[in-house]
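I have placed the structure first, in the form of structure tokens, so that the comments after it can refer back to it.
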Amino acid sequence: MKKLTLALLPLALALLGCQSYQDGLAAICNAPSTCGKPCQEVSPDLRVEMVSRHINDSVGNGEAKALYLSLAGMAPEQRAVLLKQEAAKNGLSGCPLADMFASPRQQ
């Protein structure tokens, strides 16, 4: 019985919506891509707002949400640097959101 309980734990956590920091960070970094076609077809100002909404809906990990919220008080270049550092530190191969912040035309 104990083995069965331990085997079902990952499934139970997934169903409860638990998200690791790495998964939350990946959701933040990949938001410009995972937001979908509507985010691609709007003005840059509206795109940032739509990506932000998508992140709020997609990120369930408290630590990852705190990281995202900390970006609000930073210049776009600082946001890009921090996100790229976090992505590299956590094994992500890149961070499209950081790239979006680094490109003045996309903000």
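Before moving on, here are some points about what is shown:
- Pick from region 1-32, criterion part of a loop (DSSP other than H, G, I, E, B) and modelled with pLDDT of 95 or more, ranking: nearest to residue 84 (Cα to Cα): 30
- Region 57-107, subset among the basic types (Lys, Arg) and surrounded by 11 or more Cβ atoms within 10 Å (Cβ to Cβ), residue farthest from residue 44 (Cα to Cα): 65
- Flag for residue 92 being on the phi < 0 side of the Ramachandran plot, touching a residue at least 12 places away in the same chain (Cβ under 8 Å) and over 10 Å from the mean Cα position of the chain (by Cα): yes
- Cβ pairs under 7 Å, 6+ apart, first in region 63-80 and of a type in the set (Asp, Glu), second at pLDDT below 95: 77/102
- Residue match in region 71-83 (condition: among the polar types (S, T, N, Q) and over 13 Å from residue 28 (Cβ atoms)): yes
The values are calculated or read from the model by the stated rules, or taken from the named source; none is laboratory data. Model, not experiment: these values are computed from the prediction. Glycine gets a Cβ as well: all are built from the backbone with ideal geometry, and neighbour counts include every protein chain shown.
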